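Everything on this sheet refers to the single structure shown next.
The values are calculated or read from the model by the stated rules, or taken from the named source; none is laboratory data. Owing to the predicted nature of the structure, the values given are computational and were not obtained by experimental measurement. Ideal geometry is used to build each Cβ from the backbone, glycine not excepted, and the neighbour counts take in all protein chains shown. Side chains included, ligands, DNA and RNA excluded: accessible areas come from the protein's heavy atoms. Shrake-Rupley method; radii C 1.70, N 1.55, O 1.52, S 1.80 Å.
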Amino acid sequence: MGIGPNEFRRVVETLKSRYRLSYPLHIRPDDPFATLVGAVLSHRTKDEMTDRAFERLFSRYKTPAEVAEAPVRELERLIRDVGFYRQKAQRLRRIAKMIIERYGGEIPRRREELMKLPGVGPKTADIVLSFAFRIPEIAIDTHVEAVVKRLGIADEKDDYETIKRKLERLTKVEDRPLINTLFVKFGKEICRRPIPKCSLCSFTDICKYYRQQVSLKRRITRP
Ligand code: SF4
């Protein structure tokens with residue numbers, strides 16, 4: 001059984017009081033192009049590496065026009081700290097070109113349009129919408145997904161859109177832009193992967209994963 005609106009509100013309020021709302025360097029609230037580039041760079045890469053590549057790239061190229069015109073070898077050199085940097089350098093140039101040619105240099109504000117950009121999937125689109133445009137979408141990354149599934153809000157088999165829908169149903173609209181940041185911080189500190197630190201958690205009384213672990217231990221230790 002999953003958690004209800006009251007329990008979920010308790011989770012959000014607890015996390016709000018525990019964590020400060022700070023962002024990694026590669027997330028630039030109010031700068032849609034920078035946030036889009038940061039989200040592309042961050043795919044399968046740790047924040048520290050993404051930040052380093054992002055800073056190096058943005059010290060040279062700051063706009064879609066500049067990135068579109070940049071030599072791809074130069075982009076590769078600047079972002080070499082991130083995983084798949086060759087593919088990402090190509091992708092950034094293709095994205096920048098499409099933004100200029102199809103959208104007049106402006107980052108689209110609609111999810112369907114963002115997802116037409118090369119290599120931009122739902123998570124990247126939701127990051128841009130929620131952080132840069134402050135549109136109440138929730139970006140589901142691996143930390144958010146793990147927390148949500150363990151709490152029993154979503155099922156193990158649920159895909160991105162299903163998890164997002166279930167989470168949004170429980171979240172007050174004004175809290176939606178905070179959920180990614182709060183759950184990522186919680187996922188990095190306590191509800192870690194692969195082994196969560198449940199002994200430090202305030203949600204053991206409502207957590208599906210915790211209940212399952214307790215009953216599993218009981219079965220194993222029963223004489
Ligand atoms: S009890 Fe454990 S699994 Fe559940 S939310 Fe807390 S840390 Fe995560």
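Side notes on the structure shown:
- Within region 179-194, the set of residues being open to solvent by less than 70 Å² (accessible area, probe 1.4 Å), part of a helix (DSSP H, G or I) and more than 17 Å from Ile153 (Cα to Cα) comprises Thr181, Lys185.
- Region 195-223 - residue that is small (Gly, Ala, Ser) and assigned to a helix (DSSP H, G or I) and, of those, nearest to the ligand (Cβ to nearest atom): Ser199
- Any chance Arg111 is among the basic types (Lys, Arg), more than 10 Å from the ligand (Cβ to nearest atom) and touching a helix residue (DSSP H, G or I) at 6+ places or on another chain (Cβ under 6 Å): yes
- Members of region 89-141 that are within 23 Å of Leu75 (Cβ to Cβ), touching a Lys or Arg at 6+ places or on another chain (Cβ under 9 Å) and of a type in the set (Ser, Thr, Tyr): none
- Tallying residues that are of a type in the set (S, T, N, Q) and under 21 Å from Phe133 (Cα atoms) within region 51-92 yields 1.
- Among residues of region 143-164, those that are under 16 Å from the mean Cα position of the chain (by Cα) and either open to solvent by less than 40 Å² (accessible area, probe 1.4 Å) or at pLDDT below 95 (or both), counted: 9
- Qualifying residue in region 204-213 (condition: of a type in the set (A, V, I, L, M, F, W, C), touching a helix residue (DSSP H, G or I) at 6+ places or on another chain (Cβ under 8 Å) and closer than 30 Å to Asp31 by Cβ): no
Results for (1) free of Cβ contacts under 8 Å to residues at least 40 places away in the same chain; (2) within 16 Å of the ligand (Cβ to nearest atom); (3) under 17 Å from Gly38 (Cβ atoms), shown as yes or no for each residue.
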| position | (1), (2), (3) |
| --- | --- |
| Val82 | no, no, yes |
| Arg86 | yes, no, no |
| Leu92 | no, no, yes |
| Ile95 | no, no, yes |
| Arg102 | yes, no, no |
| Ile138 | no, no, no |
| Glu145 | yes, yes, no |
| Glu161 | yes, no, no |
| Lys164 | no, no, no |
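- Flag for Phe54 being assigned to a helix (DSSP H, G or I), farther than 29 Å from Arg169 by Cβ and touching a Gly at 6+ places or on another chain (Cβ under 6 Å): yes
- Filtering region 77-89 to residues that are assigned to a helix (DSSP H, G or I) and crowded, with 16+ Cβ neighbours inside 10 Å leaves Leu78, Tyr85, Lys88, Ala89.
- If the condition is being of a type in the set (Lys, Arg) and over 18 Å from the mean Cα position of the chain (by Cα), then region 170-206 contributes Lys172, Lys197.
- The residues of region 23-71 that are of a type in the set (S, T, N, Q) and over 14 Å from the mean Cα position of the chain (by Cα), listed by number, are Ser59, Thr63.
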